[in-house]
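K.L.:
Could you have a look at this structure, given as structure tokens, before my questions?
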Amino acid sequence: MKIRTRFAPSPTGYLHVGGARTALFSWLLARKAGGQFVLRIEDTDRERSTQAAVDAILQGMDWLGLDYDEGPFYQTDRYDRYNEVIQELLEDGHAYYCNCSKELLAQMREQQMQAGVKPRYDRRCRDLNIKPDQSGDCVVRFKTPLGGSVIFNDLIRGHIEIKNTELDDLIIARSDGSPTYNLTVAVDDNDMAISHVVRGEDHISNTPKQIHLLNAIGAQIPQYAHVPMILGEDGKRLSKRHGAVSVLQYREEGYLAEALINYLVRLGWSAGDKEIFSRNEMIDLFEIENVNKAGSIFNPEKLLWLNQLYIKEGDEQFLANELQTHFTAMGVDTSEGPALAKVIAAYREREKTLKDIAQSSVYLFQEIGVYDEKAVKKCFGEKALQPLQAISSAFTELEDEMWTSENIKQTILQTAETLNVGMGKIGQPLRVALTGGSSSPSIEITIFLVGRKRTLQRIADAIAMIQTQNSP
Ligand code: GLU
């Protein structure tokens, strides 16, 4: 069998981590089998679908590296096809027109509720052979088989059986002729030759309806895998209340796609106790049958931990390119300053996200706007003047070609020796002078990255500041 899977988001909101995990599982299933992965945008709910959401989905997929072989297909481009199938179902006797008014349906519902039975359409139009022109406001309903049951073997949840008596004669076309959700999904899964439907377990109740529709169309029934929900730490379904849930927001916050993917793959799936997976390892080891039935709890700290790990161990140049996007977003020009790969090397052990790296190292590319008040108070006393003046002269002597972190360190050591003070007496005010604050990588690396010209200028600025502050 040719393995073809799909991801079929409705563009009514951003791509959230739950959707991304479903997409990932579906993608892995296809990639592992050497099959195809299809992207289908289910945009028939025109009121709630937006172009911004479509863009967010496409960008999210792209960022996460979930490449698709076909699509994106848009359901709104396929209305003719849905209508064709609706007509066929009518002609084949699998569907019928129903002209029951809203009032009648409401009344029916009311009576059923009062009688304590599950409200559903009583099928009174099923055999009336109503023609659409007779009545005006007609919907098309599907003739759900009256007896028997639908059985399918969910790849995650196992045997599932639903009695047909539990099901309604569902509407497949509204009175304006537009197709309804289950009809479009069944038609598309068939037309797109989908072999495996991987989707959220909130769709489980749609599956029997879609199986009936697929049978009526004469289609092959795909295999289904309903992925459990992602929960917040309070056990409730993950939502905005729990913090960031949008995939693109993680990008903005400085997470790496690989870290997020690695986190998501482990959320409800495992291969022994392995935690860190490269893409290829995921593809090799993934088995949809090993996805847990139970919901998984989203743990932001673990994701952050993984992100830090990927920052520590990732390719320097790759991380540098990613870091550039954060500086660009911050409006910081990095053309005058150290190579970003060097910034990564200096900061990768210190920070957990790229955004944190960008924010902590922005002094390398921009003049210091505000100095940290505490640091100034502590390090810019009158006693700092002499060490700063001395180190400024020493750095003036250190030519551009000699500007290496090792030479910088030696210069500070020698100056400290000459002044007969500890290295900290020079290092601390120097750090505040160069960065505006009291925390940065080792002083020689910091100075090296700031560069000779900027270093001399910033020391001069600090000396002036100290003199003004301490003048009577
Ligand atoms: N469009 C549905 C959603 O976004 C998914 C439908 C499906 O995968 O069958 O929840």
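K.L.:
Nearest 0.05, what FRET efficiency do Thr404 and Lys302 give at R0 = 45 Å with Cβ-Cβ as r?
P.N.:
For Thr404 and Lys302, the calculated efficiency is 0.70.
K.L.:
Please compute the length gained on full extension between Thr50 and Ser149, using 0.36 nm multiplied by the number of residues separating them and subtracting their Cα-Cα distance.
P.N.:
The Thr50-Ser149 span can extend by a further 31.9 nm.
K.L.:
Long-range amide H contacts for Gln223: which residues qualify at under 5 Å (H placed 1.01 Å from N, peptide plane, sequence gap of 5 or more or a different chain)?
P.N.:
The list, which skips near neighbours in sequence, is His196, Val197.
K.L.:
Probe 1.4 Å, all protein chains in place: accessible area of Cys125 in Å², nearest 10?
P.N.:
Result for Cys125: roughly 0 Å² accessible.
K.L.:
Could I ask something else about it? Grab every C-alpha pair in the chain, bin the distances at 20 angstrom width from 0 up to the longest one, and report whole percents.
P.N.:
In whole percents, the pair-distance histogram is 20, 38, 23, 14, 5, 0.
K.L.:
Taking a probe of 1.4 Å, how large is the accessible area per residue of the chain, in Å²?
P.N.:
That works out to 48 Å² for each residue.
K.L.:
Show Thr328, Thr184 ordered by accessible area, largest first, where the area counts protein heavy atoms only and the probe is 1.4 Å. Can you show the working numbers first?
P.N.:
Values: Thr328 90, Thr184 0 Å².
Solvent-accessible surface, decreasing: Thr328, Thr184.
K.L.:
While we're looking at this one, here's another question. Find out how many positive minus negative residues lie around Arg109, taking Lys and Arg as positive, Asp and Glu as negative, among other residues whose Cβ is under 12 Å from that of Arg109. The partial results should precede the final answer.
P.N.:
Working: positive: Lys102, Lys118, Arg120; negative: Glu103, Glu110, Asp122, Asp168.
Summing Lys and Arg as +1 and Asp and Glu as -1 gives -1.
K.L.:
Here's something else I'd like to know. Could you work out how far apart the two model spin labels at Met229 and Lys131 are, taking each label as a point 7 Å from the Cα in the direction of the beta carbon, and quote it in nm?
P.N.:
4.9 nm
K.L.:
Let a ≥ b ≥ c be the square roots of the eigenvalues of the Cα gyration tensor of the range 386-441; is it rounded (a/c under 1.5), or, if not, prolate (a/b larger than b/c) or oblate?
P.N.:
Oblate is the answer for the range 386-441, as a/c is 1.5 or above yet b/c matches or exceeds a/b.
K.L.:
If you don't mind, there's one more thing I want to ask. What spacing in nm lies between the two simple spin-label points modelled at Lys312 and Asp273, each 7 Å away from Cα in the Cβ direction?
P.N.:
Simple spin-label model gives 1.8 nm for this pair.
K.L.:
Moving on to the next point. Any chance you could look up the accessible area of Leu231 with a 1.4 Å probe, heavy atoms only, rounded to 10 Å²?
P.N.:
Roughly 40 Å² of Leu231 is accessible to a 1.4 Å probe.
K.L.:
Through the Karplus equation 6.51 cos²θ - 1.76 cosθ + 1.60, θ set to phi - 60°, convert the phi angles of the range 448-462 into ³J(HN,Hα) values in whole Hz; use x for Gly and Pro.
P.N.:
Using θ = phi - 60°, the values come out as 4, 5, 5, x, 5, 4, 5, 4, 4, 5, 5, 5, 4, 4, 5 Hz.
K.L.:
Continuing with this model, one more query. If a cysteine in the chain has no other Cys Cβ under 4.7 Å from its own Cβ, put it on the list, ordered by number.
P.N.:
Result for the chain is Cys100, Cys138, Cys379, no neighbouring Cys Cβ within the cutoff.
K.L.:
Follow-up question, since we're still on this one. Residues with beta-carbon under 12 Å from that of His226, excluding His226: net charge, scoring Lys, Arg +1 and Asp, Glu -1?
P.N.:
0
K.L.:
Compare His196, His159 by solvent-accessible area with a 1.4 Å probe and give them largest first, with all protein chains kept in place.
P.N.:
Accessible-area ranking of His196, His159, largest first: His159, His196.
K.L.:
Rounded to a whole number, what % of the accessible area of the range 134-196 do carbon and sulfur atoms account for, probe 1.4 Å?
P.N.:
Reported share for carbon and sulfur atoms: 48 percent.
K.L.:
Once a ≥ b ≥ c are taken as the square roots of the eigenvalues of the Cα gyration tensor of the range 1-100, is the result rounded (a/c under 1.5), prolate (a/b larger than b/c) or oblate (a/b not larger than b/c)?
P.N.:
Oblate, since a/c reaches 1.5 and b/c is not below a/b.
K.L.:
May I ask you to rank Glu406, Glu91 by accessible area, largest first, using a 1.4 Å probe over the protein chains only?
P.N.:
Descending order: Glu91, Glu406.
K.L.:
Then there's this: Please give the solvent-accessible surface of Ser438 in Å², to the nearest 10, using a probe radius of 1.4 Å with every protein chain present.
P.N.:
Per-residue accessible area (Ser438): approximately 80 Å².
K.L.:
Can you work out the Karplus-derived ³J(HN,Hα) for every residue in the range 332-347? Use 6.51 cos²θ - 1.76 cosθ + 1.60 with θ = phi - 60°, whole Hz, and x for glycine or proline.
P.N.:
9, 7, 9, 5, 9, x, x, 4, 5, 4, 6, 5, 4, 4, 6, 10
The values are calculated or read from the model by the stated rules, or taken from the named source; none is laboratory data. Quick caveat, the model's predicted, so the values are computed rather than measured. Here the Cβ is made from the backbone with ideal geometry for all residues, glycine too, and neighbour counts use every protein chain on show. In case anyone asks, the SASA skips ligands and DNA or RNA and just uses the protein heavy atoms, side chains included. Shrake-Rupley method; radii C 1.70, N 1.55, O 1.52, S 1.80 Å.
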